[in-house]
Amino acid sequence: MNIALITGGSRGIGRACAIKLAQMGYYVLINYRSNDAEANATLEQVRAAGSDGELLKFDVGNKESVETAIAKWQDNHQGEYISVLVNNAGIRKDNLMMWMTDDEWDNVLGTNLNSFMYVTRACLKDMLVKKYGRIINMASLSGLKGLPGQTNYSAAKGGMIAATKALAQEVARKNVTVNAVAPGFIQTDMTKDLEEAELKKQIPANRFGKPEEVAAVVGFLASKEAAYVNGQCISVNGGLYT
Ligand code: NDP
């Protein structure tokens, strides 16, 4: 059985990735933090796509929660391993640096960047032992370009891109690839407070993207065909210059 773990897999881009990987035949572990109804809806859609999966509820920014949940799953599934990991869970808490609180900084760095370390470390050993793995990190335009009002989020996503490049070089010999995807503006709950009509004027495609358009790239990076793509960050942004 080929198994994929998607953090923040219950809504938005993570849900689209869960469905894409299900269509590719993966058994999908759907991580989320709190919204049980959305997580169950995603599991239904994974099943409708012809595969199966299960819910793994834990806070990716909490080291003990991550380690306990993944170790428990591994103990209960001896002989199986997570071969595809999509580090997708993320939050925004925008503020100008002048007014940014410690909580806004710590929560965004914890959920978007520390999570990458906790979850990846817990899954990496099995990939190295089995000599096959795919790690895909959900970065952002904000991590490439830097966006005002997002010093916390830009720092987290920029750090994730740099970590992607470093880890790719550590593990490439074991047939493990580590790549990042950098979406621009995508229609999800995360962007529903933004002025799409105004912002789309800056986007050459003249529209926000769809979660499925990000998931298509994740599906490629997760595939066997992407074996020689490593340490890259692929933008999915409708042509926004970065
Ligand atoms: P959404 O807000 O739509 O969904 C976020 C998902 O992450 C939910 O499944 C949520 O679960 C989960 N989540 C949030 N915090 C935690 C946590 N601490 N532990 C576990 N799960 C958590 O976000 P998007 O789909 O828009 O974003 C997905 C990723 O893509 C993020 O990393 C984001 O930064 C990135 N991105 C998004 C862009 C966009 O335009 N939408 C642009 C660029 C990057 P629950 O509902 O249970 O809280």
**Prompt:** Consider R92 against the criteria (1) over 26 Å from A216 (Cα atoms); (2) part of a loop (DSSP other than H, G, I, E, B): it satisfies all of them except one. Which criterion is unmet?
**Reply:** (1)
**Fill in**
When every residue in the range 14-40 that is open to solvent by 70 Å² or more (accessible area, probe 1.4 Å) and within 8 Å of the ligand (Cβ to nearest atom) is compared, the one farthest from A222 (Cα to Cα) is S34
**Request:** Please specify each residue of the range 178-196 satisfying the condition of being closer than 24 Å to K93 by Cβ and not in a loop (DSSP other than H, G, I, E, B).
**Result:** A180, V181, A182, P183, I186, D189, M190, T191, E196
**Message:** If the requirement is being assigned to a helix (DSSP H, G or I), acidic (D, E) and over 28 Å from K125 (Cα atoms), which of these qualifies: E212, E225?
**Reply:** E212
**Prompt:** Where residues in the range 110-128 are over 15 Å from the mean Cα position of the chain (by Cα) and touching a residue at least 12 places away in the same chain (Cβ under 8 Å), which of them is least open to solvent (accessible area, probe 1.4 Å)?
**Reply:** M127
**Prompt:** Considering L55, L43, which residue is more than 20 Å from G219 (Cβ to Cβ) and either at pLDDT 95 or above or in a strand (DSSP E or B) (or both)?
**Reply:** L55
**Complete:** Within the range 92-108, restricting to residues that are in contact with a Gly (Cβ under 8 Å, 6 or more places away or on another chain) and more than 10 Å from the ligand (Cβ to nearest atom), the one that is most open to solvent (accessible area, probe 1.4 Å) is L96
**Request:** Would you check if T164 is within 14 Å of the chain's Cα centre (by Cα), away from the ligand (no atom under 11 Å from the Cβ) and at pLDDT 95 or above?
**Result:** yes
**Fill in**
Of the residues in the range 47-69 that are among the polar types (S, T, N, Q) and open to solvent by less than 50 Å² (accessible area, probe 1.4 Å), the one that is nearest to the ligand (Cβ to nearest atom) is S65
**Request:** Mind listing just one residue for me: the one in the range 70-88 that is open to solvent by less than 20 Å² (accessible area, probe 1.4 Å) and touching a Lys or Arg at 6+ places or on another chain (Cβ under 9 Å) and, of those, nearest to the ligand (Cβ to nearest atom)?
**Result:** V86
**Asked** Based on what the data block shows, is G9 at pLDDT 95 or above, of a type outside the set (A, V, I, L, M, F, W, C), outside any helix (DSSP H, G or I) and open to solvent by 10 Å² or more (accessible area, probe 1.4 Å)?
**Response** no
**Prompt:** In this structure, is E44 within 13 Å of the ligand (Cβ to nearest atom) and charged (D, E, K, R)?
**Reply:** no
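The values are calculated or read from the model by the stated rules, or taken from the named source; none is laboratory data. All values reported here derive from a predicted model rather than from experimental measurement. Heads up, the Cβs are rebuilt from the backbone with ideal geometry, glycines too, and the neighbour counts pull from every protein chain shown. Side chains are part of the model used for accessible areas, which takes the heavy atoms of the whole protein and leaves out ligands, DNA and RNA. Shrake-Rupley method; radii C 1.70, N 1.55, O 1.52, S 1.80 Å.
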